[in-house]
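The next block holds one structure in the form of structure tokens; read it before the comments.
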Amino acid sequence: MEGLNRKTAISAVIAAILYLVFFIFFDRAIDLWVHNNCSKTWLPQLSDYISYLDNGSFVRLGLALCFILILVCDSGIKKRWAKFLLYICISRAIAIVISDGLKYLLGRYRPIMLFENNLYGLHFLSTKWAMNSTPSGHIIRAFSILTALSMLHRRFAGIFIFLAVLIGASRVIVTAHYPSDVLFGAFIGIFTAIWTYKYFFIRDNEFDKQIS
């Protein structure tokens, strides 16, 4: 347990530093460059398709159907597939709750507000889409489920993480988020899945060896 606590704390510090550095120095420049140079190319359309892989409405519907499937077929969670599926669903559900809460609390202006109204930064406590950029909900959802799948199927971890990174890049290319929003979301998604995995499957000493 201490090993995971330490790794989470160190990663959180690194993520916070990177977030602040990008927030202060790079986010505006990157999104303005993407907006000015890529908006009329094929990249945003392709990125829209990639982003659609993690559409929030489909995710919530999928969660509901998976929970129903588990309740109907194996309510006691005795079968391996049911435990795996429940782990993935719980990781995803926790990630969504964290995402929605932080979006409302921090209330960061999305890039569109910079392009159209020259507004940038945090204003706090907002439910409006244009004012809840951080962290990226798409990325939290993507990294939570794809990290969960990586924990269950280690041979394909590289493919799963590549897909998550691809979704992250797509959110910047369509200028729905700043790079720091994506980094923040990736951190939350990854560690949500890791902590949930720890409580589902592994004792403290065994888990610390696996993540070392």
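The values are calculated or read from the model by the stated rules, or taken from the named source; none is laboratory data. Everything numeric in this text was worked out from a predicted model, so none of it was measured. Every residue, glycine among them, receives a Cβ derived from its backbone with ideal geometry; neighbour counts consider all protein chains shown.
Among the residues of the stretch 85-92, are any among the small types (Gly, Ala, Ser) and either out of contact with any Asp or Glu (no Cβ under 6 Å at 6 or more places or on another chain) or in contact (Cβ under 8 Å) with a residue 40 or more places away in the chain (or both)? The answer is yes; a qualifying residue exists. Just checking, which of Phe184, Phe143 is farther than 21 Å from Leu32 by Cα, under 14 Å from the mean Cα position of the chain (by Cα) and either assigned to a helix (DSSP H, G or I) or not basic (Lys, Arg) (or both)? Unique residue meeting the criteria: Phe143.
The condition of being farther than 23 Å from Met151 by Cβ, out of contact with any Cys (no Cβ under 6 Å at 6 or more places or on another chain) and among the hydrophobic types (A, V, I, L, M, F, W, C) holds for only one of Ile88, Ile68, Ile77, Ile94, that being Ile68.
Selection of first residues in the stretch 6-26 that are closer than 13 Å to Phe191 by Cα and of second residues that are surrounded by fewer than 11 Cβ atoms within 10 Å (Cβ to Cβ) and modelled with pLDDT under 95, restricted to Cβ pairs under 9 Å at least 6 apart or on distinct chains, gives the following pairs, ordered by first then second residue: Lys7/Ser212. Annotation: of all residues in the stretch 93-121 being assigned to a helix (DSSP H, G or I), charged (D, E, K, R) and in contact (Cβ under 8 Å) with a residue 24 or more places away in the chain, the one that is nearest to Leu152 (Cα to Cα) is Asp100. Please state which of the following conditions Ile68 fails to meet, knowing it meets all the rest: (1) outside any loop (DSSP other than H, G, I, E, B); (2) surrounded by 12 or more Cβ atoms within 10 Å (Cβ to Cβ). Among (1) outside any loop (DSSP other than H, G, I, E, B); (2) surrounded by 12 or more Cβ atoms within 10 Å (Cβ to Cβ), Ile68 violates only (2).
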